[in-house]
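A quick write-up on the structure given underneath.
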Amino acid sequence: MKVIPCILILLLTATGPLFSQGPADSTFSLLFNGGLSFTHANDPHINRWLAKYGYPTEPHVPSSLHFEIGAMPAGSRLMYVIRVSTINSGKNLTSFNLLAGLYGALVKQHNFLLLAGAGIGFHRDIIALNGGMPPEYQQLADHYHKPLGLRRGGLIFEPALRAFWFPVAIHNVQLGLFASAGADIDFNSRWRLGYFDNSQGRSSHFKRLIKPADQRRVSEYGLAYNAGLTLRVHLL
């Protein structure tokens with residue numbers, strides 16, 4: 001699997017001189033990107049725990065849907081990005097990331113961008129426990145009469161190489177494709193046990209329990225790549 005991102009990086013780097021022959025772009029632009037992400041970061045400890053009690057394990061290569069907004073100031077080679085994503089391949093797992101990124105353009109042309117940089121943000125993971133559980137967990141479930149779950153959060157760091165290609169232009173609007181290859185590094189907190197409370201009738205809120213605290217803190221890292229559609233609007 002490591003060969004795919006390496007090939008992508010080499011191909012994008014090799015095409016840089018070709019696209020650099022096109023007209024340069026110096027306008028202020030906004031980008032709206034949506035697509036599918038894959039990462040090889042996973043937690044083998046929680047997977048062993050889930051398998052022991054009969055739950056589906058986390059996917060080895062989980063996929064996520066993401067949407068982001070980016071901006072490139074006029075005359076600048078920097079792109080500022082805000083991204084939100086949520087996992088779509090987990091069964092008992094709910095996960096979301098919120099990330100802010102800064103990327104510098106290695107190639108900046110009217111219909112092609114090649115950038116390198118990194119993003120940093122926060123992620124939250126929740127596992128619903130609606131099946132088998134250790135005895136101390138079951139005692140808490142019986143006491144509170146609420147569905148239990150495990151929750152953790154932490155920082156996420158993502159260095160990446162990104163490419164945007166815009167084959168369609170309509171006045172000041174461009175439609176295109178984007179792809180990126182890099183790494184995900186998740187600095188997780190410990191999984192904490194809690195229960196879901198909807199006593200207010202509007203939505204369920206996770207209330208953490210102090211004990212038991214038998215779960216480990218495991219940071220995750222691995223290759224990450226994504227692709228999707230992009231809409232670019234030139235404002236100036």
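Descriptive notes on the structure:
- Scanning the stretch 103-127 for residues that are free of Cβ contacts under 8 Å to residues at least 40 places away in the same chain and among the small types (G, A, S), we see that the one that is farthest from L93 (Cα to Cα) is A105.
- Residue in the stretch 101-110 that is within 15 Å of T230 (Cβ to Cβ), of a type in the set (S, T, N, Q) and assigned to a strand (DSSP E or B) present: yes
- Residue match in the stretch 45-58 (condition: in contact (Cβ under 8 Å) with a residue 12 or more places away in the chain, touching a helix residue (DSSP H, G or I) at 6+ places or on another chain (Cβ under 8 Å), over 24 Å from A160 (Cβ atoms) and surrounded by fewer than 19 Cβ atoms within 10 Å (Cβ to Cβ)): yes
- Positions within the stretch 164-198 being crowded, with 19+ Cβ neighbours inside 10 Å, over 17 Å from the mean Cα position of the chain (by Cα) and assigned to a strand (DSSP E or B), in sequence order: F164, F166, Q174, G176, L193, G194, Y195
- Matching entry among L236, L231 (being in a loop (DSSP other than H, G, I, E, B), in contact (Cβ under 8 Å) with a residue 60 or more places away in the chain and touching a Phe, Trp or Tyr at 6+ places or on another chain (Cβ under 6 Å)): L236
- In the stretch 216-232, the residues that are surrounded by fewer than 17 Cβ atoms within 10 Å (Cβ to Cβ) and in contact with a helix residue (DSSP H, G or I) (Cβ under 7 Å, 6 or more places away or on another chain): R216, V218
- Scanning the stretch 60-80 turns up at least one residue that is under 27 Å from G149 (Cα atoms) and modelled with pLDDT under 85.
- Residue match in the stretch 144-151 (condition: part of a loop (DSSP other than H, G, I, E, B), in contact with a Lys or Arg (Cβ under 9 Å, 6 or more places away or on another chain) and of a type in the set (D, E, K, R)): yes
- A single member of L99, L106, L36 is touching a helix residue (DSSP H, G or I) at 6+ places or on another chain (Cβ under 9 Å), surrounded by 13 or more Cβ atoms within 10 Å (Cβ to Cβ) and at pLDDT 90 or above, and it is L106.
- The stretch 55-86, subset outside any loop (DSSP other than H, G, I, E, B) and β-branched (V, I, T), residue farthest from L113 (Cα to Cα): T86
The values are calculated or read from the model by the stated rules, or taken from the named source; none is laboratory data. Remember, it's a predicted structure, so these values are computed and weren't measured experimentally. Note: ideal-geometry Cβ built from the backbone for every residue, glycine included; neighbour counts use all protein chains shown.
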